[in-house]
Structures are given as C-alpha cells and as structure tokens.
Amino acid sequence: MGFLKQDNFKRDVFLGIVVWLFLLLFFFIVPSAGIHDIIQKVFILGLFAMSLNILIGYLGLIAFGHAAFFAAGAYTLGLFLQSNVVNILGSLSIPIAIISAIFVSTVLAAFIGAICIRLKDIYFSFLTLAFQMLIYSIILALVNITGGDQGLMGGFPKPPFLGIDLGKPFDFYAFTIFISIITIILLRQLIESPFGYGLRMIRDNPERPAALGFNNQRHKLIAFIIAGSIAGLAGSLQALLDVGAYPEWAFWAKSAEPLFMILLGGMHSFLGPIMGAFIFEMLNDFVTANTRYYGLVLGLVILSFVLGLRRGLLDWLLIKFYRK
Amino acid sequence: MLKIHGISKSFGGINATNNVSIELKPNSINALIGPNGAGKTTIFNLITGKISVDKGKIFIGENNITNLKETVITHMGIARAFQITNIFPTLSVKESIKMALLAKTHGLNNMWDRFASHSVNEEADNIAKLAGLKKVYNTISSELSHGDQKLLDIALALALKPQVLLLDEPTAGMGPEERWEMIKRIKELWQKTKMTVLFIEHDMDIVFDIAQTIFVLQQGAIIAKGSPKEIKQNQAVIKAYLGGGKK
C-alpha cells in the first residue's frame, strides 16, 4: 500500500475504485431515488464542468460556448438510439452510441477549436459563443431530425449490454458513476502529465513558450478537442438519464452552468469543478423546492463566494488547511 | 557561429535597424551596446524570428535562419533571456526548468507520464546548480527575488542547450552589488558551457570587464565594433555614446 503515499496513477485508480464501491453501497444504504438522481447529475455535470476547466483553469481561456459539445453528444446519442441501427447492433447499441457521441463532439471541437484558438481573451470567448448559438439555431431549424424546440420526442430504447440494463436504476447509477470516475482518472493523468504542465505554461505566459521552441497553438487545439470530447461524453450520459435531448442544452445559458460550478468549487484544484457541481445541484434541489427565485439565490451564493472567499470552495479549503 | 549580413527592418517607414552586420566567433562573449532606441532589442527579435527581417540574411553555422519561425530557430540552437523577466509565475523553479528541458525534446506532447516523476529531474537539477538557483529550487517563481527571476529566465534559455545565447539586459533593474553578482554568474556560465554569448548592457564597466568584442549601435546602424580597448578609443563611439570622452 506504499503507493497510496505517492501521487500516481495506481493511487488514483485505487481511490477511484474505493469511491465507486462506496457509492454502490450508498445506493442500498440510502434507498432514495431523489438522492441517487442528484449523485448521478453531480457526476455528469461535474464531468461537464471539469472539461471546461481544462480551458479555464489550466489554459486560461474562458470559453462561453462549451455547451455546444454537450448538446452535440446528447443529440448524437439520442438520434443514434432512435435510428434503425439499434435493430442491427442490438446489445452493442449503447456502447457504440456513446462512442459516436464522443466522436461527433471531438470532430466538432476540432473544427470550432481550429478557428477559435487563433484568438484570445474576449474575442476567443465570444467566438465560441457564436459557434454555440449557430449549433442551437441548427437544432431549432432541423425540426424533422432534432424535433426543433420540442427536443427529441418519443424517447429511445436502451438495449442491455454485458449484463448491464440501463433501464434499471441501479445499473444506470453504477454505470454512470463508473464511466465518470474512469474519465476523471484519465483526465487527472493528462493534467499531471508534461502535456498538462504545458497548458499551465501557456496560461502563465503565452509569449515565452515560443522562445523555448514550444508550439502553443497545437497544444491549445489538442486541449480544446479533449475538453469538447469530455463535454460530449457528459452530454451523452445526460441524454441517457433524461431519455431525450433538448435544444436548451445548446443554449448559451447552459454554458453558464459549468462556469458557475467552476466558480463555486474552484478552478485551481483538480476536483474543484465537481465540488462546484455538487453545490450547484444541492442549491438547485433545495432552492427550487422552497422558492421560485432560484436565479436570485444562486446569484447571491456566487457573490458570497467571489466576495467572501475570493475563490471557489475547494481552492479556499486547500489554501486554508493544506497548502499553507 | 552567428552571422548577420546586412539586415534591415523598418516600422511604418522608420528604420529600426539599417544594414546591420554582426559576426560572432564560436565560444566568444560579445556585447551589443547603444543608447535607448538604438535598435538593440529589435536585433534580438530579428535573430530569434520574433519579428520578420525586411532585408538581409542571418546564419547559424551554415544554416540560413532568416525569417524562420521562432520555434524552429530555437530548435536550431538560439536561445534568449528577456529584458523584462519572462518566466512562469505559478510554476516552481524546478518545474519551469523541467518544462524548458521537455520543450527542447518535444517531451511536452507526453500525455501519460507524471510530470513530477519525469526522467529530466537530474538534468534540471544540474541546470539549477549551474545557474545558482539550487537554494530556491522548489520556490514558486513569482515569489523569487528580482535577481533570481532574472537567473531563472537565463536558466530557461540554458536548458535548451543553445549554441548561441542572447541576453537582453541581464542586470536591468538590479542594484550595483546585485549587478556584479549577476555578471560574475554569467561569466562563470560562459566559462563552463563555452557557448557563444551576445548580451545587451548599459553599464559600460560591466561591458568592458567581460566582453571580448563589442558592437556599438546607433540609430539602427553599427557605428563601431572591436575589443573593449578599441571601443574605448573610438572617437565615433565616444562622441555618440560614451559622453564626449568624459567617461
């Protein structure tokens, strides 16, 4: 067990398995569908926020249009499972649908990223937003395919695979958390790799790397594509959870959600965005049950974090009790 | 080692450099001096590909590097440290030097190995020792003293194992004692690595103390070149730069 003292891949895998098993046990200890739903959403939205934090926290690029990839993943999965291909693929349908969702988001991110990363600051932010609103308009316009403003209607089948039936609450719960934890472990490996430190280098000082013989643009594009593909995966899991896909997932307000999560949880700690997703979901659950002024309460909480802690909660906790 | 043949650069019709030729011998230490606005940093920017050359050619060894990309020129053996310290504020000294080492070998494309345990640790250690940064090895760069930040900027360039090292005012912003410390360190570095060095400096005592050859620039043109002794006696330099022989 000596590896537990070291910050390495083995330790991350071990901790990931422990968390997964604990949450599986939790499913039976607390048999509340509402709480299980919140946990699933925390992981899905946490992945979405963590993917955006690759750009914001590690690369220093604030993307306003990240939901484009979330929606692309959701719609790809939904359309795939609504198609006749399911009859041919049978039990392979869901794995292939998820892979397709990641693939489409990746290609979309490569296209949008290749254009956007040439810009910086507010110009980068708003160009990503422009692309997102273009995707939103396309979803609304292609009524015959996407269902327009109603979203994908009629649901879709979830054929069991490898003994996993996503129609059953426990299977879905275990599967979603498992996929999320694997992605988080891989993302951590990336962030702690020389590639990940290259992102920090660009964030800290975008001019200097060229004088070290380092190609900024290529690095930024790869990071943008990875962020888009993880957002696509999150979108596909959300579509599986809701058995549908909706145009508001491509609307600009959806891109603000992971931004809020990052602000709440912290952008300089790896797990900050997932903590932000937890706070966001708890607020959502608690506030909407008690008042209709959800936006007002959320705004006040974010203000208190920004003005009071001056950083996200996990960032603050780490500085307070660990780093200094 | 580095040959510059008649390079010119103008910005909006104003000549920043005009037909400048410089040749640096291998393993030599050279100074580029001139009043503010003479075009010294522009020459560094032209050599490193940060800005494009309008006219003329630049060679490193036999290779023509004129108007190549900055990243390509760096990989061909030219590295620089900047007048305004150009480091990575949130990274430690150790991390910064490792990043520079990995940049040299394209190791930053590695998405799997942990950066902390990467094999360049020993090499980074040696460069920190060479630059005199071992005592602050694990300090975050933004928390370093100005002098150590300057040394780190130089260490980043050293990590690239360049054939030619360009130092743009390495003692800028330092007090007199710190300046001489820095110059002593640069002299040691040059003696140990035997790379070709071209530095920009305003303090003539420093220049005359360590430079083997001095190039004097005025209004974008070289008005003199030679040994410290020759430059001290050059009437054009005395008139233009050294203060009419009062120095």
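The values are calculated or read from the model by the stated rules, or taken from the named source; none is laboratory data. On a predicted model such as this, the values are computed, not experimentally measured, just so you know. In this analysis, Cβ positions are derived from the backbone assuming ideal geometry, glycine residues included, and neighbour counts consider all displayed protein chains.
Figures for the structure shown
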item: Residue in the stretch B:161-181 that is nearest to the chain's Cα centre (by Cα), counting only those that are among the hydrophobic types (A, V, I, L, M, F, W, C) and surrounded by fewer than 21 Cβ atoms within 10 Å (Cβ to Cβ); result: B:Ala172
item: Criterion: under 20 Å from A:Ala74 (Cα atoms), touching a residue at least 12 places away in the same chain (Cβ under 8 Å) and surrounded by fewer than 22 Cβ atoms within 10 Å (Cβ to Cβ) - qualifying residue of A:Phe260, A:Phe251, A:Phe270; result: A:Phe251
item: Residue list for the stretch A:79-99, restricted to those being without any contact (Cβ under 8 Å) to a residue 60 or more places away in the chain and either under 24 Å from A:Leu129 (Cβ atoms) or buried (at least 20 other Cβ atoms within 10 Å of the Cβ) (or both); result: A:Phe80
item: Any hit, the stretch B:82-92, residues being more than 13 Å from chain A (Cβ to nearest Cβ) and either among the basic types (Lys, Arg) or surrounded by 18 or more Cβ atoms within 10 Å (Cβ to Cβ) (or both); result: no
item: Subset of the stretch B:93-108 (residues that are more than 7 Å from chain A (Cβ to nearest Cβ) and either among the acidic types (Asp, Glu) or at positive phi (or both)); result: B:His106
item: Checking B:Asp205 against (1) more than 18 Å from the chain's Cα centre (by Cα); (2) in a helix (DSSP H, G or I); (3) more than 30 Å from B:Ile4 (Cβ to Cβ), the condition it does not meet; result: (3)
item: Top-ranked residue in the stretch A:199-208 [being facing chain B (nearest Cβ under 7 Å) and under 23 Å from A:Arg188 (Cα atoms); ranked as farthest from the chain's Cα centre (by Cα)]; result: A:Asn205
item: In the stretch B:210-220, the residues that are modelled with pLDDT of 90 or more and surrounded by fewer than 17 Cβ atoms within 10 Å (Cβ to Cβ); result: B:Gln212
item: A:Phe172 vs. criteria out of contact with any Phe, Trp or Tyr (no Cβ under 9 Å at 6 or more places or on another chain) and among the aromatic types (Phe, Trp, Tyr); result: yes
item: Flag if A:Phe280 is modelled with pLDDT of 95 or more, touching a helix residue (DSSP H, G or I) at 6+ places or on another chain (Cβ under 6 Å) and assigned to a helix (DSSP H, G or I); result: no
item: Segments classed as helices (runs of 4 or more DSSP H), wholly inside the stretch B:32-112, with at least 2 members that are closer than 30 Å to A:Gln189 by Cβ and of a type in the set (A, V, I, L, M, F, W, C); result: B:93-104
item: B:Met1 within 14 Å of another protein chain (Cβ to nearest Cβ), at pLDDT below 95 and more than 14 Å from the chain's Cα centre (by Cα); result: no
